[in-house]
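Participant: The structure under discussion is supplied below as structure tokens; questions concerning it will follow.
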Number of protein chains: 2
Amino acid sequence: MSYLPIKQLLQSTETGHEVTVKGWVRTKRESKNAIFIALNDGSTIHNIQAVAEPGQFSEDLIKLVTTGACIAITGQLVESLGSGQSVEVKATNIHLYGPADPEKYPLQPKRHSLEFLREIAHLRPRTNTFSAILRIRHALAFAVNKYFNDNGFFYLHTPIITASDAEGAGEMFRVTTLDLDNLPHTEEGKIDFSEDFFGREANLTVSGQLEGELGALALGKIYTFGPTFRAENSNTTRHLAEFWMIEPEMAFYELEDNMNLAEDFVKYVIRYALDNCTDDLAFLENRLKEEEKTRKKEEQSDMSLLEKLRFVVDNDFQRLTYTEAIDILMNSKPAKKGQFQFEVKWGIDLQSEHERYLVEKHFKKPVILTNYPREIKAFYMKQDADGKTVRAMDVLFPGIGEIIGGSQREDDLDKLMTRIHEVGIEPEGLWWYLETRKFGSAPHAGFGLGFERLVLFVTGMGNIRDVIPFPRTPKSADF
Amino acid sequence: MSYLPIKQLLQSTETGHEVTVKGWVRTKRESKNAIFIALNDGSTIHNIQAVAEPGQFSEDLIKLVTTGACIAITGQLVESLGSGQSVEVKATNIHLYGPADPEKYPLQPKRHSLEFLREIAHLRPRTNTFSAILRIRHALAFAVNKYFNDNGFFYLHTPIITASDAEGAGEMFRVTTLDLDNLPHTEEGKIDFSEDFFGREANLTVSGQLEGELGALALGKIYTFGPTFRAENSNTTRHLAEFWMIEPEMAFYELEDNMNLAEDFVKYVIRYALDNCTDDLAFLENRLKEEEKTRKKEEQSDMSLLEKLRFVVDNDFQRLTYTEAIDILMNSKPAKKGQFQFEVKWGIDLQSEHERYLVEKHFKKPVILTNYPREIKAFYMKQDADGKTVRAMDVLFPGIGEIIGGSQREDDLDKLMTRIHEVGIEPEGLWWYLETRKFGSAPHAGFGLGFERLVLFVTGMGNIRDVIPFPRTPKSADF
């Protein structure tokens with residue numbers, strides 16, 4: 001019994017032939033003369049409608065055709081008389097694969113809260129909202145790989161387990177096979193990690209950048225796209241303990257090239273979603289419109305989801321230095337009126353309220369901030385000649401804040417060593433990284449983009465836990 | 001100073017204009033009238049040759065142009081008089097980015113052992129062999145994503161950290177943020193994992209399959225492509241503690257569909273490499289020929305690397321049941337002569353020697369074995385009507401052994417529960433998995449392919465540590 005995905009069937013221009021559709025019942029509606037079954041197989045947001053004559057099927061079977069049940073329907077593909085679809089199936093055979101007891105199946109056709117759906121993350125991909133998000137997530141991931149492949153980058157799988165804890169980017173998860181009930185100890189009474197699987201302490205990676213640099217300084221242009229971990233106890237709508245990160249790294253790129261790449265890349269993947277996820281984006285746009293109606297007027301967005309996406313794709317990002325941004329902020333209304341919670345002065349790490357002011361109020365478009373004070377940035381960023389700033393860049397998006405963080409890297413061994421000592425990192429653990437500056441050092445640059453923040457922006461969702469299939473957060477590792 | 005990758009420059013059909021090339025010096029050769037510099041930037045296995053007149057550059061500069069140094073050369077692109085390249089650069093300017101002291105740089109132009117190169121995994125991508133492997137690895141990864149995208153599959157990011165230890169596929173790495181020097185204990189004296197980051201014990205995933213099934217039973221066809229972990233203390237040429245796995249999972253697929261997909265998929269990605277990695281494969285084919293010369297006659301392959309790849313792409317895989325395979329093995333010469341180390345009888349888990357006999361001696365082509373005894377396979381495989389076997393399939397490749405393992409999944413809740421109790425798994429931890437059989441259960445199937453085994457096969461390398469950038473193995477987590 002061969003069959004076509006519903007997505008393809010709905011695009012049929014010919015009718016009259018027999019088809020088989022397989023999927024999960026979304027709704028069933030019975031009238032005197034006909035039973036209407038809306039079937040979805042996940043290939044598209046749209047259901048196919050099957051029409052069955054009541055007398056033709058056993059009542060016992062039809063009783064089991066309930067929301068969530070899995071069935072196959074065979075019948076003639078005909079033009080649909082109803083609105084909303086061009087074709088439907090005139091059922092001649094219904095096969096029940098698996099029922100879904102209406103008393104127990106949690107996904108009945110009514111509105112469910114996102115909180116409730118998070119508790120049933122194993123079933124939520126069967127809803128319109130989450131299937132749309134996951135299809136868009138797929139399209140964005142494919143666009144990422146396609147962009148880099150088409151532009152001569154090589155996908156480099158940097159390690160997930162790492163003994164290097166040099167970057168200091170945040171708290172890490174320990175990886176161990178030691179028996180916690182019976183930890184081995186050295187003569188000095190310390191835990192003996194030489195007996196652990198890797199013969200030393202090991203953690204989950206917080207970034208593939210340092211290894212990515214090794215790749216770029218051999219292959220020219222590489223990117224990573226893999227899971228990354230932060231053991232921060234942050235219960236927010238913006239943080240996950242496990243998330244996917246994209247990190248391109250390019251030899252012979254300087255700060256300007258890095259900015260050009262970041263802007264071109266992020267526009268490409270958003271445009272790809274606009275071109276390839278039309279139906280799913282239309283659904284999420286409406287979803288967001290409905291949701292916004294429940295918000296206070298001043299919290300409503302003045303652009304719809306699609307308008308926001310097109311706006312990013314069609315406009316140049318505003319580029320300015322950190323120093324220029326501080327000037328704008330210090331002269332801003334909120335600063336003068338004392339409306340910022342955090343004081344603005346040169347040297348501060350910009351807070352969300354400052355970034356939002358720049359992006360959403362002042363420039364009203366994505367912003368690339370560059371040349372940050374070196375004290376607030378990582379040791380590996382290339383130092384500017386002024387001795388005060390580094391060639392960092394952050395891309396700030398409306399509603400999201402920092403979506404990309406990157407920099408030109410310090411390629412001068414002496415300057416890098418000075419900085420490593422200043423920030424108190426043990427250079428021994430980084431011998432391999434430092435050797436790339438000893439042997440054939442080259443100017444190079446790169447950035448990191450948190451994939452879930454991108455999906456958040458493109459889908460218009462409000463909580464990062466709703467754009468990854470199985471979120472990992474403090475006290476939560478279900479499924 | 002804009003520049004083109006060497007790969008593009010070497011394809012130039014026009015000459016006479018000024019170009020800039022940037023890269024790492026592979027070799028420098030000086031004659032009385034000319035200095036020949038071979039430069040590589042990682043975009044291709046081929047170097048570009050630059051020719052410099054000795055008198056035009058300072059001796060101090062030329063002295064620093066040594067193997068491994070990073071330089072930019074500007075000059076006229078001219079037709080090459082030498083053999084082996086069509087164009088070369090007549091240098092007018094040489095800029096040194098970073099030198100590489102010949103006394104200290106370990107990658108001098110001579111043969112290095114693979115063992116030595118493993119110790120300098122941060123530099124080995126600068127060699128011909130490893131840059132070729134990594135470019136092919138990239139091409140294969142892209143082909144994986146392209147195949148599934150083009151065929152209506154959605155890329156699903158299944159979790160890396162998981163509290164589910166139900167599959168029992170092997171030893172796992174623990175993930176924890178507990179302070180090992182100060183472990184919290186419950187009143188009963190056990191370690192109190194409620195204080196751990198996730199509020200319970202957590203591990204690194206051994207497979208995304210169970211979560212993949214959740215996706216397939218909502219979206220229809222999904223695939224995973226991500227890192228997977230085994231804390232096995234195996235120091236072999238075939239095992240890694242961290243490796244990348246590809247796991248498609250399809251609703252409404254039965255065993256036959258699963259086999260068709262596996263064969264079509266693996267042929268597609270190998271064909272993609274043949275079409276897109278011509279130069280790198282030619283290099284590795286020669287490398288393998290040279291290596292084989294050092295082997296005993298009977299250990300030499302009768303096919304070259306490219307012949308082996310074309311053979312897989314051009315021939316149907318041999319399909320037979322486990323029971324048929326046991327018959328063949330029991331009637332084989334090695335069995336009759338007592339040459340198998342492990343006895344052959346129905347019910348055994350096939351050993352490498354048996355698989356190799358079937359693939360390399362008997363059928364001389366890839367083999368798909370199906371319908372294994374249920375006792376030697378996982379609990380989730382669909383049981384055959386005979387009560388003895390399950391709808392499993394293993395794809396066996398020459399030289400590699402099992403490259404794909406999969407099955408139709410048990411979609412009958414009662415049969416699944418019986419099996420779960422038989423093998424002694426706690427069903428409580430799997431409540432979410434079991435609910436997919438309670439609500440809208442559907443026939444479905446899937447498989448797993450170890451990405452590094454595929455790369456191993458396509459590159460002709462002998463050790464799995466040489467086909468992943470930074471291998472993780474017992475006592476080794478460098479870089």
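Every read-out reported here was derived from the displayed coordinates using simple, explicitly stated rules and does not represent laboratory data. Bear in mind the structure is a predicted one, so any value in this text is a computation, not a measurement. Cβ placement follows ideal geometry from the backbone for every residue including glycine, while neighbour counts extend to all protein chains displayed.
Participant: Can you list, shortest first in nanometers, how far B:His421 lies from the same residue in the other copies, with each label 7 Å from Cα toward Cβ?
Facilitator: 7.0
Participant: Continuing with the same structure: Using amide H atoms built 1.01 Å from N in the peptide plane, name the residues 5+ places from B:Glu402, or on other chains, whose amide H lies under 5 Å from its own.
Facilitator: Excluding prolines and chain starts, which carry no amide H, the hits are B:Phe397.
Participant: Averaged over B:237-244, how many beta carbons belonging to a partner chain fall within 10 Å of each residue's beta carbon? Walk me through the numbers before you get to the answer.
Facilitator: Values: counts 0, 0, 0, 0, 6, 6, 1, 3.
If you average over the peptide's residues, the count of other-chain Cβ atoms is 2.
Participant: Report the label-to-label distance for B:Lys63 and A:Glu428 in nanometres (one decimal), using points 7 Å from each Cα along the Cα→Cβ vector.
Facilitator: Roughly 3.6 nm, to one decimal.
Participant: What is the dipole size for the stretch A:223-308, taken about its Cα centre, with +1 at each Lys and Arg Cβ and -1 at each Asp and Glu Cβ, in debye to the nearest 20?
Facilitator: Working: 11 positive and 20 negative charges, 104 e Å.
Computed about the Cα centre, the dipole is about 500 debye.
Participant: Could you work out how far apart the two model spin labels at A:Thr236 and A:Glu79 are, taking each label as a point 7 Å from the Cα in the direction of the beta carbon, and quote it in nm?
Facilitator: Taking the simple label geometry, A:Thr236 and A:Glu79 are separated by 5.6 nm.
Participant: Just how far, in whole angstrom, is the stretch B:192-249 from the stretch B:450-479 if you go by their alpha carbon centroids?
Facilitator: 18 Å
Participant: So what's the net charge close to A:Leu214: Lys and Arg +1, Asp and Glu -1, counting the other residues with Cβ under 10 Å from its Cβ? Numbers along the way, then the final one.
Facilitator: Details: positive: B:Arg124, B:Arg126; negative: A:Glu211, A:Glu213, A:Glu249, A:Glu435.
Surrounding charge for A:Leu214 is -2.
Participant: Helix A:128-150: angle to the longest alpha-carbon principal axis of chain A, degrees 0 to 90, nearest 10?
Facilitator: It is inclined by approximately 50 degrees.
Participant: Would you mind giving the mean number of other chain beta-carbons within 10 Å of the Cβ of each residue in A:215-225, as a whole number?
Facilitator: Details: counts 7, 2, 8, 14, 11, 12, 4, 5, 1, 1, 4.
That average works out to 6.
Participant: Could you name the lysines in cross-link range of A:Lys475, using Cα to Cα under 20 Å and dropping any fewer than eight places away on the same chain?
Facilitator: Cross-link targets: B:Lys190.
Participant: Could you work out the relative contact order of chain B? I mean the mean sequence separation of Cα pairs under 8 Å and 6+ apart, divided by the number of residues, in percent.
Facilitator: Contact order relative to length: 13 percent.
Participant: Here is a further query. Nm distances between the label at B:Thr323 and the same-position labels in the remaining copies, 7 Å along Cα→Cβ, shortest first?
Facilitator: Nearest first, the other copies' label points are 8.1 nm away.
Participant: Report, for B:Asn128, each distance to the same residue's label point in the other copies, shortest first and in nm; define the point 7 Å along Cα→Cβ.
Facilitator: Going from nearest to farthest copy, the values are 6.0 nm.
Participant: Could you pull out every residue, at least 5 positions away or on a different chain, whose amide H is within less than 5 Å of the one on A:Thr473? Hs are placed 1.01 Å off N in the peptide plane, and Pro or chain starts have none.
Facilitator: So A:Thr473 has HN proximity to A:Ala241.
Participant: While we're here: Using 7 Å Cα-to-Cβ label points, what is the B:Asp181/B:Gln8 separation (nm, one decimal)?
Facilitator: Going from the B:Asp181 label point to the B:Gln8 one covers 5.4 nm.
Participant: Along its three principal axes, how long is chain A when you only count alpha carbons? Whole Å, largest extent first please.
Facilitator: Answer, in whole Å and largest first: 85, 62, 43 Å.
Participant: Moving on. For the stretch A:321-433, what's the relative contact order in percent, using C-alpha pairs closer than 8 Å and at least 6 residues apart? Intermediate values should be presented prior to the final figure.
Facilitator: Working: 153 pairs, mean separation 22.4, N = 113.
It comes to 20 percent, rounded to a whole number.
Participant: Turning to a different aspect of this structure: Quick one: of A:Lys296/B:Lys438; A:Lys438/B:Lys7; B:Lys7/B:Lys63; B:Lys221/B:Lys267; A:Lys22/A:Lys296, which pairs are farther than 31 Å apart, Cα to Cα? Before the final figure, lay out each step's value.
Facilitator: Values: A:Lys296/B:Lys438 42 Å; A:Lys438/B:Lys7 26 Å; B:Lys7/B:Lys63 27 Å; B:Lys221/B:Lys267 19 Å; A:Lys22/A:Lys296 43 Å.
Pairs exceeding 31 Å: A:Lys296/B:Lys438; A:Lys22/A:Lys296.
Participant: OK, next. With only Lys, Arg, Asp and Glu charged, each at its Cβ (+1 for the first two, -1 for the last two), find how big the charge dipole of the protein assembly as shown is about the Cα centre; round to the nearest 20 debye.
Facilitator: Values: 112 positive and 144 negative charges, 370 e Å.
That gives the protein assembly as shown a dipole magnitude of about 1780 debye.
Participant: Now, a different point. Could you work out the helix-only [θ] at 222 nm for chain B, with each DSSP H run of four or more residues adding -39,500 (n - 2.57) and the total divided by the number of residues, to the nearest 500 deg cm²/dmol?
Facilitator: Rounded to the nearest 500, the figure is -9000 deg cm²/dmol.
Participant: Karplus couplings for the stretch B:464-479 from phi (6.51 cos²θ - 1.76 cosθ + 1.60, θ = phi - 60°), rounded to Hz, Gly and Pro as x?
Facilitator: 4, 5, 9, 10, 10, x, 10, x, 10, 9, x, 6, 9, 9, 5, 6
Participant: As a check on your reading of the symmetry: which chain A residue has its Cβ nearest the axis that brings A onto B, and how far is it in Å?
Facilitator: For the rotation taking chain A to chain B, the closest Cβ gives A:Asn145, 2.
Participant: Taking a cut-off of 20 Å between Cα atoms, list the lysines near A:Lys337, but don't count ones fewer than 8 places away on the same chain.
Facilitator: Here the lysines satisfying the reach criterion relative to A:Lys337 are A:Lys345, A:Lys361.
Participant: In degrees from 0 to 90, rounded to the nearest 10, what is the angle of the helix B:413-423 Cα long axis to the longest principal axis of chain B?
Facilitator: 80 degrees
Participant: Each residue of the stretch A:300-313 in turn: what ³J(HN,Hα) in whole Hz from Karplus with 6.51, -1.76, 1.60 and θ = phi - 60°, glycine and Pro shown as x?
Facilitator: 7, 7, 8, 10, 6, 4, 5, 4, 5, 5, 5, 4, 5, 5
Participant: Which ³J(HN,Hα) values, rounded to whole Hz and listed in residue order, are derived for the stretch A:179-188 from phi using the Karplus coefficients 6.51, -1.76 and 1.60 in 6.51 cos²θ - 1.76 cosθ + 1.60 with θ = phi - 60°, glycine and proline given as x?
Facilitator: Values per residue, Gly and Pro as x: 7, 5, 7, 8, 6, x, 10, 7, 4, 7 Hz.
Participant: Positive end of the charge dipole of the protein assembly as shown (Lys, Arg +1 and Asp, Glu -1 on Cβ, about the Cα centre): tell me which of B:Ala72, B:Gly446, A:Thr389 has its Cα farthest that way.
Facilitator: Most positive-ward Cα: B:Ala72.
Participant: Considering only the protein assembly as shown, what is the antiparallel percent among its DSSP beta bridges, to the nearest 5? Could you put the intermediate results ahead of the total?
Facilitator: Working: 136 of 154 bridges.
Percent antiparallel among DSSP bridges in the protein assembly as shown is about 90.
Participant: How high is the relative contact order of the stretch A:191-253, given as a whole-number percent (alpha carbon pairs under 8 Å, six or more residues apart)? Kindly include the intermediate steps, with their values, before the conclusion.
Facilitator: Details: 76 pairs, mean separation 21.7, N = 63.
Relative contact order for the stretch A:191-253 comes out at 34 percent.
Participant: Shifting gears a bit: Show the residues, 5+ positions off or on another chain, whose built amide H is closer than 5 Å to the amide H of B:Thr44.
Facilitator: B:Lys7
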